[in-house]
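No lab work stands behind these numbers, since they all come straight from the coordinates. Everything quoted here is computed from the prediction, not taken from an experiment. Here the Cβ is made from the backbone with ideal geometry for all residues, glycine too, and neighbour counts use every protein chain on show.
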Amino acid sequence: MKFYKYQGAGNDFLIADNRDGSIVLSTEQIAALCDRRYGVGADGLMLLESPDHSSDGFRMTYFNSDGSGGMMCGNGGRCIVAFAADMGITDFRFHAADGCHQADILSDDGRTKTVSLQMKDVASCQHHDSLTGPSVPSDGYFLDTGTRHYVRIVKDLDAYDVVGEGRDIRYNAAELQPVGANVNFIEPSEDGTLKVRTYEKGVEDETFACGTGIVASCIAAYEAGIRPYTSGGSHVVYEVKAKRDRLKVTFRPLDMSGRVAEDVWLTGPATFVAQIICEI
């Protein structure tokens, strides 16, 4: 079985072309492939599949490294668009677990592409006061950007215990159960960028970047009054510093109509790493 490894801002994935429908993987097989000690190693696995609708270019089926699925992955979305382009696909409209997406490739040096991906509109951003119960920290926000996220504003993020605190909230905050949520920790920088670190459920560890978490962090930052990097017209722009790479989030903030953000775009790198032949 042939896989292609891509990474988006250090968030790495195994991707296979399954447009013929021949690849069927169990939860155990996915977990084994993603295992960093005994498998290939990745934060997640994706299958590029035939589109559900004639208006789409393809379908993205995503799995976390533990084999769980049913959610969107922003960095994965950018990587599968880069993979689709490398497979000769030119229509970058696709269907994922949270609905329809489209993307644009802004640059391509042959190995790394800069991909701008349209994310789902965000329906709500709940401050801790609107969550029932005392288990979530008092400085956080809960929102769904294709995956459930909890966002906290902290100080000295570089030294923060992201894994310990993230795991505690992910498993022990009763308000977020039984599904749980990814947990993001953010801190504004003096240069106007937003620093973001994320504990991801399904990986059960900190990842180098989380696309849906970065989007959630920027929307929560706006709701908390943290100024964007720049704004113009009806949109705001946040420049984000993940573990190592920089990304950009653009959205139109809303005060009415039942949503808090629309026309949301995540832009960042997607890099081909290797082609891998595996026996399952």
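For the reader, a short list of remarks on this structure follows.
- Full-stretch length increase - Arg19, Asp139 - with 0.36 nm per residue and alpha-carbon distance subtracted: 38.7 nm
- Cα gyration tensor category, rounded, prolate or oblate, for the range 195-253 with a/c compared to 1.5: prolate
- Furthest towards positive pole of dipole, Tyr160, Thr230, Asn182, structure part the range 126-266, Cβ charges: Thr230
- Average projection, convex hull of the Cα set of the chain: 14.9 square nanometres.
- Coil-residue trypsin sites (Lys or Arg not before Pro) of the range 1-97, DSSP, other Cβ within 10 Å capped at 10: Arg37
- The trypsin sites (Lys or Arg not before Pro) of the range 199-280 that DSSP puts in a loop, and whose beta carbon has at most 12 other beta carbons within 10 Å, are Arg244.
- Residues of the range 21-35 with amide N under 20 Å of the 7 Å Cα→Cβ point at Arg244: 34-35
- DSSP-loop GluC sites (Glu not before Pro) across the range 151-215, with at most 16 other Cβ within 10 angstrom: Glu190, Glu204
- Distance between the pseudo-spin-label points of Asp104 and Ser55 (7 Å out from Cα toward the beta carbon): 2.0 nm.
- For the pair Ile276 and Ser231, label points projected 7 Å from Cα toward Cβ lie 4.3 nm apart.
- Counted residue by residue at 0.36 nm each, then reduced by the alpha carbon distance between them, the extension gain from Asp263 to Ser68 reaches 67.4 nm.
- Gained length - His127 relative to Glu204, 0.36 nm times residue gap less alpha-carbon distance: 25.3 nm
- Cα-based shape type of the range 126-266, given that a ≥ b ≥ c are square roots of the gyration tensor eigenvalues and the cut on a/c is 1.5: oblate
- Placing +1 on the Cβ of every Lys and Arg and -1 on the Cβ of every Asp and Glu, with no other charges, gives the range 126-266 a dipole of roughly 280 debye about its Cα centre.
- Under 5 Å, built H, 5+ apart or other chain: amide partners of Tyr229: Val237, Tyr238, Glu239
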